[in-house]
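Nothing in this text is a laboratory measurement; each read-out follows from the coordinates by a stated rule. Given the structure is predicted, the values throughout are model-derived calculations rather than measurements. So basically every Cβ, Gly included, is an ideal-geometry build from the backbone, and we count neighbours across all protein chains shown.
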Amino acid sequence: MVSIRNIFFFLLCIGLILGIGNTAFSLSQVDMPDFENTNYETSMTGEVTMLFAGGAILNANSLAALWAEVKYGGTTQYWNIGTGAITADSRGIRLVFGPEHDGKTYRMKFYGFDNSGEQTNKNRSTYVTVYSAPSSVVIPEFESTTYETNMVGEVTLKFTAGKTLNASSLSKLWAEVVEGSVTEHWDLGTDIIMDDGTGLEITFAPEHDSKTYTMSFYGFDPTDKRTNTTVPVDVTVQSEPSPVSIPDIQTGPYQTNIRGEITLAFTAGQTVNPNDFSGLWAEVEDSSDNIEYWDIGLGAFTDNNDGISIQFQPKHNASTYTISFYGFDTYLEGRRIANTNKVDVAVQLEPSPVS
């Protein structure tokens, strides 16, 4: 026979189990948002800001505590992050790692406790790679922030004057490459460092043709410490040249007439078809190595289409310019036409006696 005492004990146990269960699964009404990305890297000073996905907001005043579950090397730790890590605009979390974390990648989940002491959900796992003790090797910045390849996809990015980079000081060289909303990391290798260390030489394959990339460069030294990341540069790629060409210019030297006019004839009586062109430009370099790009228009072709005519302005007087010509075709979405050879033109204008 079942006694009243046994029934009471059974009901008490059921009540305790239900009570414990309710306590364990009673989560806070405060939501811990997921982040935009699942992989992050800190700056070279160990700082990283992780924004919440979809513009979600986490108000620091809604939490009494903020914690992270941190996994690394087979161990799990729980870090008391503090609500001060929530950004001022409530749209993310900012962390600063000390030098002891350098070179480590942590798997992190964040959660908190609201002002009633109830725990929030844990958000989705995020991997954070820390660089907080940077290499002493420095990759120099570049002379320019804008570059364009030649017609076979080659480009040289020169470091600022007097700066060099020794290939042996790096074990790896990478580029962070942004095109539109897509960011990639390319393993370029140290072979792209010029022999004299004054810059980088990159060759793009045809599949990169007509694209513009925003690129910043970083590396790892032989001890696997990460270097600085350079200021981004924009590189426009032309790696599949137009089938249209401009004939080379007959060898000079050339001098304008007194009105600053000059006609430069193509070699061997060759001609062009202006209908193949959507634009005609001149690359003009002065004696101080300053380069300008002039939109001279299709009207610069001679009447017989066997040369190019230019008229210089008074400000160009008494100077010599090194000039080559290029254009854009009317096919294949305006593909660039390769440069002609370079010729030197001396400008000698005589002012009109009429005033």
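General remarks:
- The distance from the alpha carbon centre of segment 234-307 to that of segment 143-198 is 30 Å, rounded to a whole number.
- Listed by chain and number, the aspartates and glutamates whose C-alpha is less than 17 Å from the C-alpha of LYS122, apart from same-chain residues fewer than 8 away, are ASP31, ASP34, GLU36, GLU69, ASP114.
- Segment 38-76 and segment 310-332 have Cα centres separated by 55 Å.
- Each 20 Å bin from 0 upward holds the following percent of the Cα-Cα pairs of the chain: 21, 34, 25, 14, 4, 2, 0.
- Taking Cα centre as origin and charging only the Cβ of basic (Lys, Arg, +1) and acidic (Asp, Glu, -1) residues, the dipole magnitude of segment 147-238 rounds to 360 debye.
- Computed extension length for THR45-GLU207: 54.7 nm, one decimal, from 0.36 nm per residue of separation with the Cα-Cα distance subtracted.
- Across segment 42-138, the relative contact order, built from alpha-carbon pairs under 8 Å that are at least six residues apart, equals 36 percent.
- Principal-axis tilt of helix 4-24 within the chain, Cα atoms, nearest 10 degrees: 20 degrees
- Projecting the Cα atoms of MET44, GLY260, SER28 onto the charge dipole of the chain (Cβ charges, centred on the Cα centre) puts SER28 farthest toward the positive pole.
- Whether segment 56-176 is rounded, prolate or oblate, judged on the alpha carbon gyration tensor where a/c under 1.5 counts as rounded: prolate
- Cα-centre dipole for the chain with unit charges at Cβ (Lys and Arg positive, Asp and Glu negative), debye to 20: 2080 debye
- Three principal axis lengths of segment 176-301 [C-alpha, angstrom, descending]: 63, 33, 25
- Projecting the Cα atoms of ILE246, VAL272, ASN317 onto the charge dipole of segment 236-333 (Cβ charges, centred on the Cα centre) puts ASN317 farthest toward the positive pole.
- The chain: relative contact order in percent, alpha carbon pairs under 8 Å with at least 6 residues between: 13 percent
- 16 Å Cα-Cα reach of LYS225 towards lysines, excluding residues that sit fewer than 8 places from it in its own chain: LYS104, LYS172
- Spin-label model, GLU141 to THR105: label points 7 Å out along the Cα-to-beta-carbon direction sit 3.1 nm apart.
- Whether segment 237-312 is rounded, prolate or oblate, judged on the alpha carbon gyration tensor where a/c under 1.5 counts as rounded: oblate
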